[in-house]
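Beneath this line is the structure, given in structure tokens, with notes to follow.
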């Protein structure tokens, strides 16, 4: 496989994510989208970047609904459990008939299949998911139910790459079978966001299906010849702390986790109270390990919290894409450290790493904002997928005999 360094030419375009207003000003390409499991709207924003109009969306988690409403005011938002939603209700709401919708998209919750979790230990069970308790491993089949009844021209579904690994492969084959039985030619491929304009290594399994009667094969976007680094996304990362010198950057006001937990920190901030001695010990040891860890490497946390840590403490390399941003930041010490200071990214910096517009509105606490970004499909990544669907599938349907 070609290495990152040899695929990162000097003449790559500057890293830039359009603002929310610039996206709103884009002309409509004539195609419509219905979205499910929409989260804060990362996928929807990616479709809008490619000129699509998102008519209807569904999101069950209240905190995610708040963020979605703040950024997608022209879209109907259904907040019910997807199990209660009928395709006929969607079609009535958007004024289309069965078979007329251009694109049906969705990202069914993927915690049950993630290689970072307990996987099959939670299959078939109700468990905590974000701010709710629900079963999640059956939701892809709810997506297939709606797909069958809507019969859009094209569908796109996203999930973690862990769905095609290990014991989860059985679920993958069942899901693939269910999607094909809806009458679609289906292709599934693992794509990495770092090769689709996002300064983050984030692998996702992307299903693309085209209705069989249209006679066109599904296609995925080709990877770019370059990647963007953390420094490309956050230009003021200009130095790495060494033992001889460190000049901390003035942080913006969006409350990154400090290495030291402040006295009086509470659950709303996603933190826990620690004694003065414990905070001092934690601060000194984490800063020492951070200082001695090369950029791009993992901190050797061992038993830093008094127990074996189940979290990976990663230090960004300024000249490489960020590691995958997880859906949660651990309570006590950050999972992701900046290369220029021993602290986690601010929300403004995290938006850059996740390829969201600077003016994208995030609601809730720091932890909830982090979760919204960590769960979302990076909009820029989805914009490449959406552009591929627009140009290589839908445009061909229009001119087909």
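Within segment 177-203, the residues that satisfy the criterion of being crowded, with 19+ Cβ neighbours inside 10 Å and out of contact with any helix residue (DSSP H, G or I) (no Cβ under 7 Å at 6 or more places or on another chain) are 191, 194, 195. If you check 389, 385, 397 for being in a helix (DSSP H, G or I), at pLDDT 95 or above, closer than 21 Å to residue 33 by Cα and over 17 Å from the mean Cα position of the chain (by Cα), only one passes: 389.
The residue pairs whose first member lies in segment 352-368 and is within 10 Å of residue 16 (Cα to Cα), whose second member is at pLDDT 95 or above and part of a loop (DSSP other than H, G, I, E, B), and whose beta carbons are closer than 6 Å, counting only pairs six or more residues apart or on different chains, are 355/17; 355/198; 355/378; 357/17; 357/19. The criterion of being part of a loop (DSSP other than H, G, I, E, B), modelled with pLDDT under 95 and surrounded by fewer than 18 Cβ atoms within 10 Å (Cβ to Cβ) does not hold for residue 332. In the set (1) surrounded by fewer than 24 Cβ atoms within 10 Å (Cβ to Cβ); (2) closer than 18 Å to residue 196 by Cβ, the condition left unmet by residue 397 is number (2). Residues in segment 341-362: is at least one assigned to a loop (DSSP other than H, G, I, E, B), out of contact with any strand residue (DSSP E or B) (no Cβ under 8 Å at 6 or more places or on another chain), modelled with pLDDT under 85 and within 23 Å of residue 228 (Cβ to Cβ)? Looking through segment 341-362, at least one residue is assigned to a loop (DSSP other than H, G, I, E, B), out of contact with any strand residue (DSSP E or B) (no Cβ under 8 Å at 6 or more places or on another chain), modelled with pLDDT under 85 and within 23 Å of residue 228 (Cβ to Cβ).
The one condition from (1) on the phi > 0 side of the Ramachandran plot; (2) out of contact with any helix residue (DSSP H, G or I) (no Cβ under 9 Å at 6 or more places or on another chain) that residue 99 does not meet is (2).
The values are calculated or read from the model by the stated rules, or taken from the named source; none is laboratory data. The structure displayed is predicted, hence computed values, not measured ones. Backbone-built Cβ (ideal geometry, glycine too); neighbour counts: all protein chains shown.
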